[in-house]
1. When the dipole is taken about the Cα centre of the stretch 1-120, and only Lys, Arg (+1) and Asp, Glu (-1) are charged at their Cβ, what size is it in debye, to the nearest 20?
2. Which residues among the stretch 5-26 fall inside the zone where the amide N is under 17 Å from a point 7 Å beyond the Cα of Ile32, along Cα→Cβ?
3. Leaving out ligands and nucleic acids, note down the accessible area per residue over the chain with a 1.4 angstrom probe, in whole Å².
4. Counting other Cβ atoms within 10 Å, keep those with at most 12, restrict to DSSP loop, and tell me which GluC sites (Glu not before Pro) in the stretch 105-164 are left.
5. Give, as a single signed number, the net charge of other residues whose beta carbon lies under 14 Å from the beta carbon of Ala7, with Lys and Arg counted +1 and Asp and Glu -1.
6. Excluding Pro78 itself, calculate the net charge of residues whose Cβ lies under 12 Å from the Cβ of Pro78, where each Lys or Arg counts +1 and each Asp or Glu counts -1.
7. Take the solvent-accessible surface of the protein heavy atoms, probe 1.4 Å, and return the percent of it on the chain that carbon and sulfur atoms account for.
8. Top to bottom by accessible area (1.4 Å), largest first, where do Met1, Met57 land?
Amino acid sequence: MRWHIHAETEAWGNPWLSVRRLDVEQPDGQRIDYHAVRLKHVAAAVVTDDDERVLLMWRHRFLTDRWAWELPMGLIEPGESPAEAAAREVEEETGWRPGELRELVYSEPAAGIMDSMHHVFRATSAVRIGEPTELNESDRIEWIPLADVPGLIRRREIVSGISLVGLQQALLEGL
(Lines give C-alpha, C1' and ligand atoms only; values in the text may rest on other atoms or scores of the structure.)
Protein backbone atom coordinates (compact mmCIF):
# COMPACT_ATOMS: atom_id res chain seq x y z
CA MET A 1 0.00 0.00 0.00
CA ARG A 2 2.92 2.33 -0.63
CA TRP A 3 2.41 5.54 -2.61
CA HIS A 4 5.24 6.67 -4.92
CA ILE A 5 6.26 10.23 -5.77
CA HIS A 6 7.36 10.56 -9.42
CA ALA A 7 7.93 14.32 -9.44
CA GLU A 8 7.74 17.24 -7.03
CA THR A 9 7.87 20.98 -7.60
CA GLU A 10 7.45 23.99 -5.37
CA ALA A 11 4.29 26.03 -5.95
CA TRP A 12 5.23 28.62 -3.31
CA GLY A 13 7.67 28.86 -0.45
CA ASN A 14 9.41 30.94 2.19
CA PRO A 15 12.13 30.17 4.77
CA TRP A 16 9.64 28.26 6.98
CA LEU A 17 7.48 26.29 4.61
CA SER A 18 7.06 25.14 1.04
CA VAL A 19 3.77 24.33 -0.69
CA ARG A 20 4.52 21.46 -3.07
CA ARG A 21 2.83 19.92 -6.10
CA LEU A 22 3.47 16.21 -6.44
CA ASP A 23 2.89 13.65 -9.18
CA VAL A 24 1.92 10.65 -7.05
CA GLU A 25 1.18 7.05 -7.98
CA GLN A 26 -1.30 5.37 -5.64
CA PRO A 27 -1.06 1.64 -4.77
CA ASP A 28 -3.72 0.79 -7.41
CA GLY A 29 -1.50 2.32 -10.12
CA GLN A 30 -3.52 5.51 -10.61
CA ARG A 31 -1.44 8.70 -10.82
CA ILE A 32 -2.82 11.85 -9.25
CA ASP A 33 -1.88 15.49 -8.77
CA TYR A 34 -1.32 15.93 -5.01
CA HIS A 35 -0.51 18.99 -2.90
CA ALA A 36 1.45 19.00 0.33
CA VAL A 37 3.27 21.31 2.72
CA ARG A 38 6.89 20.79 3.68
CA LEU A 39 7.32 22.63 6.97
CA LYS A 40 10.40 23.08 9.13
CA HIS A 41 10.45 20.74 12.10
CA VAL A 42 9.32 21.93 15.53
CA ALA A 43 10.63 21.41 19.08
CA ALA A 44 8.83 22.07 22.36
CA ALA A 45 9.45 21.45 26.04
CA VAL A 46 7.35 20.41 29.02
CA VAL A 47 9.26 22.06 31.88
CA THR A 48 8.11 21.22 35.40
CA ASP A 49 9.28 22.10 38.89
CA ASP A 50 9.35 20.35 42.27
CA ASP A 51 5.88 21.69 43.06
CA GLU A 52 4.38 19.72 40.13
CA ARG A 53 3.76 22.83 38.05
CA VAL A 54 4.38 23.25 34.33
CA LEU A 55 5.77 26.34 32.60
CA LEU A 56 3.17 27.67 30.13
CA MET A 57 2.67 30.76 28.01
CA TRP A 58 -0.66 32.54 27.55
CA ARG A 59 -0.71 33.70 23.96
CA HIS A 60 -2.91 34.90 21.16
CA ARG A 61 -2.87 33.13 17.81
CA PHE A 62 -4.06 35.65 15.26
CA LEU A 63 -4.96 33.12 12.55
CA THR A 64 -7.60 31.53 14.77
CA ASP A 65 -8.13 34.66 16.90
CA ARG A 66 -7.81 32.49 20.02
CA TRP A 67 -6.08 32.96 23.38
CA ALA A 68 -4.73 29.76 24.95
CA TRP A 69 -1.95 28.27 27.05
CA GLU A 70 0.97 26.76 25.13
CA LEU A 71 4.29 25.10 25.77
CA PRO A 72 7.39 27.03 24.72
CA MET A 73 8.06 25.88 21.16
CA GLY A 74 9.56 26.86 17.86
CA LEU A 75 11.20 25.87 14.62
CA ILE A 76 14.42 23.87 14.62
CA GLU A 77 17.12 25.96 12.95
CA PRO A 78 19.69 24.51 10.49
CA GLY A 79 22.52 22.75 12.33
CA GLU A 80 20.52 22.62 15.57
CA SER A 81 19.38 19.40 17.23
CA PRO A 82 15.75 19.16 18.35
CA ALA A 83 16.85 19.26 22.02
CA GLU A 84 18.98 22.36 21.42
CA ALA A 85 16.02 24.06 19.72
CA ALA A 86 13.69 23.18 22.60
CA ALA A 87 16.14 24.60 25.17
CA ARG A 88 16.67 27.76 23.09
CA GLU A 89 12.94 28.33 22.69
CA VAL A 90 12.30 27.96 26.43
CA GLU A 91 14.96 30.57 27.18
CA GLU A 92 13.93 33.02 24.45
CA GLU A 93 10.19 32.78 25.11
CA THR A 94 10.09 32.51 28.92
CA GLY A 95 13.38 33.71 30.41
CA TRP A 96 13.87 30.31 32.09
CA ARG A 97 16.77 27.94 31.27
CA PRO A 98 15.59 24.31 31.40
CA GLY A 99 17.55 21.63 33.16
CA GLU A 100 18.53 18.44 31.37
CA LEU A 101 16.11 17.64 28.57
CA ARG A 102 15.00 14.12 27.68
CA GLU A 103 12.77 13.13 24.79
CA LEU A 104 9.15 12.87 25.90
CA VAL A 105 7.17 12.26 22.70
CA TYR A 106 7.44 12.58 18.92
CA SER A 107 4.55 13.24 16.56
CA GLU A 108 3.73 14.01 12.94
CA PRO A 109 0.59 16.15 13.26
CA ALA A 110 -0.77 15.95 9.72
CA ALA A 111 1.28 13.30 7.90
CA GLY A 112 -1.20 13.11 5.01
CA ILE A 113 -0.60 16.72 3.96
CA MET A 114 2.44 17.98 5.89
CA ASP A 115 5.84 16.48 6.69
CA SER A 116 6.67 18.43 9.86
CA MET A 117 8.17 16.45 12.73
CA HIS A 118 7.27 17.59 16.23
CA HIS A 119 9.71 16.76 19.03
CA VAL A 120 8.66 17.34 22.64
CA PHE A 121 11.18 17.19 25.44
CA ARG A 122 10.87 17.08 29.21
CA ALA A 123 12.85 18.96 31.86
CA THR A 124 12.23 18.64 35.60
CA SER A 125 13.91 21.89 36.54
CA ALA A 126 14.64 25.36 35.26
CA VAL A 127 16.61 28.41 36.38
CA ARG A 128 15.39 31.97 35.85
CA ILE A 129 17.94 33.80 33.66
CA GLY A 130 16.03 37.03 33.01
CA GLU A 131 13.26 38.45 30.91
CA PRO A 132 12.19 36.72 27.68
CA THR A 133 14.04 37.99 24.62
CA GLU A 134 11.15 37.09 22.29
CA LEU A 135 8.78 39.96 23.04
CA ASN A 136 6.01 38.99 20.61
CA GLU A 137 5.38 35.47 21.87
CA SER A 138 3.11 35.66 24.91
CA ASP A 139 1.01 37.93 27.08
CA ARG A 140 2.14 36.21 30.27
CA ILE A 141 4.23 33.28 31.47
CA GLU A 142 3.11 31.21 34.44
CA TRP A 143 3.82 28.03 36.36
CA ILE A 144 0.48 26.16 36.24
CA PRO A 145 -0.29 23.15 38.47
CA LEU A 146 -0.18 19.95 36.39
CA ALA A 147 -3.39 18.91 38.13
CA ASP A 148 -5.13 21.84 36.38
CA VAL A 149 -4.12 20.73 32.86
CA PRO A 150 -7.04 18.32 32.18
CA GLY A 151 -9.54 21.08 33.05
CA LEU A 152 -7.70 23.58 30.84
CA ILE A 153 -7.91 21.08 27.98
CA ARG A 154 -11.64 20.45 28.55
CA ARG A 155 -12.31 24.21 28.57
CA ARG A 156 -10.28 24.62 25.35
CA GLU A 157 -7.71 26.76 27.11
CA ILE A 158 -5.03 24.46 25.67
CA VAL A 159 -5.63 23.79 21.97
CA SER A 160 -2.20 23.73 20.28
CA GLY A 161 -1.53 20.24 18.95
CA ILE A 162 2.08 19.99 20.12
CA SER A 163 1.09 21.36 23.55
CA LEU A 164 -1.73 18.82 23.85
CA VAL A 165 0.48 15.90 22.80
CA GLY A 166 3.31 16.91 25.14
CA LEU A 167 1.16 17.66 28.18
CA GLN A 168 -0.99 14.56 27.77
CA GLN A 169 2.11 12.37 27.45
CA ALA A 170 3.55 13.97 30.57
CA LEU A 171 0.32 13.23 32.42
CA LEU A 172 0.26 9.64 31.11
CA GLU A 173 3.75 9.10 32.45
CA GLY A 174 2.59 10.33 35.85
CA LEU A 175 4.81 13.38 36.09
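The values are calculated or read from the model by the stated rules, or taken from the named source; none is laboratory data. These figures come from a predicted structure and were not determined experimentally. When we count neighbours, we look across all protein chains shown, and the Cβ atoms used for this are built from the backbone with ideal geometry, even at glycine. Side chains are part of the model used for accessible areas, which takes the heavy atoms of the whole protein and leaves out ligands, DNA and RNA. Shrake-Rupley method; radii C 1.70, N 1.55, O 1.52, S 1.80 Å.
1. On the way: 13 positive and 23 negative charges, 87 e Å.
For this selection, approximately 420 debye.
2. 5-8, 20-26, by backbone N distance to the label point.
3. On the way: 10090 Å² over 175 residues.
With the other protein chains kept in place, the chain gives 58 Å² per residue.
4. Values: sites: Glu134, Glu137, Glu142, Glu157; in loops: Glu134, Glu137, Glu157.
Taking the stretch 105-164 and a limit of 12 other Cβ atoms within 10 Å, no loop GluC sites (Glu not before Pro) are found.
5. Details: positive: Arg20, Arg21, Arg31; negative: Glu8, Glu10, Asp23, Glu25, Asp33.
Value of the local net charge: -2.
6. Values: positive: Lys40; negative: Glu77, Glu80, Glu84.
Neighbour charge sum, excluding Pro78 itself: -2.
7. On the way: 5240 of 10090 Å².
Looking at the chain in its full context, I get 52 percent from C and S.
8. Details: Met1 200, Met57 0 Å².
Largest accessible area first, the list is Met1, Met57.
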